[in-house]
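The structure appears below as C-alpha cells.
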Amino acid sequence: MRFKVAVLQFTVIALSLIFAAGANARTINLVGFGDSLMAGYQLPPGDGFPEKLQAALQAKGLDVAIANAGVSGDTTTGGLARIDWSVPDGTDGVILELGANDALRGIPPEESERNLDQMITRLKERGIAVLLVGMMAPPNMGADYAERFNPIYRKLSEKHGVRLYAFFLDGVVLDAGLKLSDGMHPNAKGVDVMVQKMEADVTNFVGTISTVKK
C-alpha cells in the first residue's frame, strides 16, 4: 500500500514538473528586417529567407517564429524611418540586414553606418536583441568605396556588442545557378544555401535570447 502511495506521489510530482515546464516555455519571436534579399524578391510564398529559416529552426526543435519585414529596394535610410513600427512590441530579436541598396546607389558609407547605428540603438533601447547581417560593396563601386563600406558592420558589432553574420550572400554571390536571372537576388536554391550557412549562427542567437528571457 505504501509503495502504491509513493508511486502515485512520484507521478503527481513528475506531471507537475512537466506542466510547469510547458507553462514556462514560449515562442521566441524574431523579425527579419531588411531589403529584397530578406523579402524574397520574385520568389513564391514560403521560399523567402525568413520562412525557410523558421522551418529549418523548427525542424531542430526550436520554438521560433520569424516575421518577414523585408521591403524591396529599401535602404538604411528607409529602414531607419520604419524600424519602430515595422518591429512590433513583443519581438525578442531582429535579424538586421540592410545596406546592399546603399552600396548599389553609391550612398556614402558614413551615412549608412549612422543609420544602422541608430537602428541598433533603438532596438536595444526596447530590449530587443540584434543579429547584424553584413553586406559587401559591389566591385564596380571601386576599391576606395569598398574600403569605407565593408568594415562598417564589424565596427557596429563591436561598438554595440551585438552578434555579426559577416556576409548575407555567402556561398551564393559567385554562383550563377543560385541566383535569379538578374544576377543579384537568390533563387529558391540560393535561399537554401543562405539558410544552411546561417542556421548555426541564428541558433546561437536564439539560445542567448532564451537564456536572457527565462
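Peptides 170-182, 146-158, 65-77: what's the order by average Cβ count within 10 Å, highest mean first?
The densest-packed peptide leads the list: 65-77, 146-158, 170-182.
In the structure displayed, which of K52/K189; K52/K179; K124/K197; K60/K124; K60/K155; K159/K179 lie more than 22 Å apart, Cα to Cα?
K124/K197; K60/K124; K60/K155; K159/K179
Taking every Cα atom in the chain, find the radius of gyration and the maximum pairwise distance Dmax, and write them in Å.
20.7, 84
Normalising by the residue count of the chain, find the relative contact order in percent from Cα pairs under 8 Å and 6+ residues apart.
19
By how many nm would the segment from T77 to E125 grow when fully extended, if each residue of separation counts as 0.36 nm and the alpha-carbon distance is taken off?
Difference between extended and current length: 15.4 nm.
If you stretched the chain out fully between D89 and R154, how much longer would it get, using 0.36 nm times the residue separation minus the C-alpha to C-alpha distance?
20.7 nm
A short reminder: the numbers here are calculations on the coordinates, not readings from a lab. Note that the structure is a prediction, hence the values are computed from the model and not measured. When we count neighbours, we look across all protein chains shown, and the Cβ atoms used for this are built from the backbone with ideal geometry, even at glycine.
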